[in-house]
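As structure tokens, the structure follows; a few thoughts come after it.
Readers should treat all values here as calculations from the given coordinates under stated rules, not as data from a laboratory. Since we're looking at a predicted model, the values are computed, not measured. Here the Cβ is made from the backbone with ideal geometry for all residues, glycine too, and neighbour counts use every protein chain on show.
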Amino acid sequence: MTDFLFDGPDAAPVTVLLAHGAGAPMDSKSMDAAAKALAACGLRVARFEFGYMAARRSGTRKPPPRADKLNPEYLQAVENLGANGPLIIGGKSMGGRVASMVADELFSEGRIAGLLCLGYPFHPPAKPTQLRTAHLADLRTPALICQGTRDEFGTREEVSGYDLAPGIELLWLEDGDHDLKPRKKISGFSADDHLKTMAQTVTDWIGRLTSP
């Protein structure tokens with residue numbers, strides 16, 4: 001059975017399911033901050049961990065498997081969550097990538113309303129030719145990717161040249177890194193500023209997806 005960590009009102013009309021990145025758990029500082037920012041906008045946020053990460057809590061340190069090997073675990077988490085009302089799936093970095101690989105199956109079945117990626121790993125750091133975008137070219141699920149402009153997994157300049165489906169929207173956060181954090185002295189923005197912008201943009205986007 002999947003263990004979930006919840007934020008936001010139980011009676012919220014929309015639930016957002018988030019998976020973690022490759023190297024940090026669901027209660028990492030970055031995931032905590034993002035979940036609480038979304039919950040502050042009235043969304044119900046559920047976080048979960050893939051098996052390899054959950055095993056680390058009992059002292060069994062396993063490396064992350066290849067991302068597509070985690071697809072069944074994401075699908076099982078959706079099943080176990082049993083969300084009432086519209087569901088958005090996604091995650092931080094690798095978690096969002098895994099969600100993006102199962103999104104069309106769930107969307108075609110009417111089980112999700114959209115896909116949310118927080119810092120999508122378009123390519124490994126310093127390896128800009130090793131793209132992880134092939135499936136994004138014909139993605140049918142409405143998607144929102146929130147990305148820092150200096151994210152080492154895909155900068156604004158790099159991503160502008162990628163072939164992405166027209167249903168994918170991008171929120172660019174000035175000078176943000178892979179955790180969406182800016183350098184305040186350079187950008188004039190704080191991490192809290194970007195989190196609030198992210199959360200409000202996500203809320204507005206979900207509103208457009210779920211309005212009658």
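Out of all DSSP beta bridges with both ends in the stretch 115-212, state the antiparallel percent to the nearest 5.
Values: 0 of 10 bridges.
Percent antiparallel among DSSP bridges in the stretch 115-212 is about 0.
Anyone know which of GLY91, GLY23, GLY114 comes out most mobile in the 10 Å Cα GNM of the chain?
GLY23
Would you mind ranking LYS36, LYS181, LYS29, LYS92 by Cβ crowding within 10 Å, fewest neighbours first?
In order of increasing Cβ crowding within 10 Å: LYS29, LYS36, LYS181, LYS92.
With a 10 Å Cβ neighbour count serving as the proxy for reagent exposure, in which order, fewest first, do PHE122, PHE6 appear?
The fewest-first ordering by Cβ neighbours comes to PHE6, PHE122.
Once you've got the GNM for the chain with C-alpha springs shorter than 10 Å, pick whichever of HIS178, HIS20, HIS135 has the biggest mean-square fluctuation.
It is HIS135.
Could you check which residue among ALA34, ALA191, ALA113 shows the biggest mean-square fluctuation in a GNM of the chain with a 10 Å Cα cutoff?
ALA191
Rounded, prolate or oblate: which fits the stretch 19-134, taking a ≥ b ≥ c as square roots of the Cα gyration tensor eigenvalues, rounded meaning a/c under 1.5, else prolate when a/b beats b/c?
On the way: a/c = 1.37, a/b = 1.17, b/c = 1.17.
Judged from the Cα gyration tensor, the stretch 19-134 comes out rounded (a/c under 1.5).
Using amide H atoms built in the peptide plane, which far-off residues or other-chain residues are under 5 Å from LEU17 H to H?
Sorted by chain and number, the residues that satisfy this are ALA46, ILE88, ILE89, GLY90.
Which of the residue pairs LYS62/LYS184; LYS62/LYS92; LYS69/LYS181; LYS36/LYS92 have a Cα-Cα distance greater than 24 Å in the structure shown?
In this structure, LYS62/LYS184; LYS69/LYS181 lie more than 24 Å apart at Cα.
Tell me, ILE186, ILE206 in order of fewest to most beta-carbon neighbours within 10 Å?
Final ranking by Cβ density, sparse to dense: ILE186, ILE206.
What percentages, rounded to whole numbers, describe P(r) for the stretch 4-210 computed over all alpha carbon pairs with 10 Å bin width beginning at zero?
9, 38, 39, 14, 1
Run the dipole for the stretch 13-170 about the Cα centre, Lys and Arg Cβ at +1, Asp and Glu Cβ at -1, nothing else charged, and hand back the magnitude in debye, nearest 20. Before the final figure, lay out the partial values.
Working: 18 positive and 16 negative charges, 130 e Å.
Approximately 620 debye in magnitude.
Roughly how many whole Å is it from the C-alpha centroid of the stretch 193-212 to that of the stretch 25-39?
Centre-to-centre (Cα) distance: 16 Å.
Which percent, to the nearest 5, of DSSP beta bridges fully inside the chain are antiparallel?
Details: 4 of 29 bridges.
Bridges in the chain that DSSP calls antiparallel: roughly 15 percent.
Before rounding to the nearest 500, sum -39500 (n - 2.57) across all DSSP H runs of length at least 4 in the chain and divide by the residue total; then give [θ] at 222 nm in deg cm²/dmol.
Using -39500 (n - 2.57) per qualifying helix, the result is -10000 deg cm²/dmol.
Give the long-range amide H neighbours of GLU169: residues separated by 5 or more places, or on another chain, with amide H under 5 Å away, using H modelled in the peptide plane at 1.01 Å from N.
It is ALA143, LEU144, ILE145, by chain and number.
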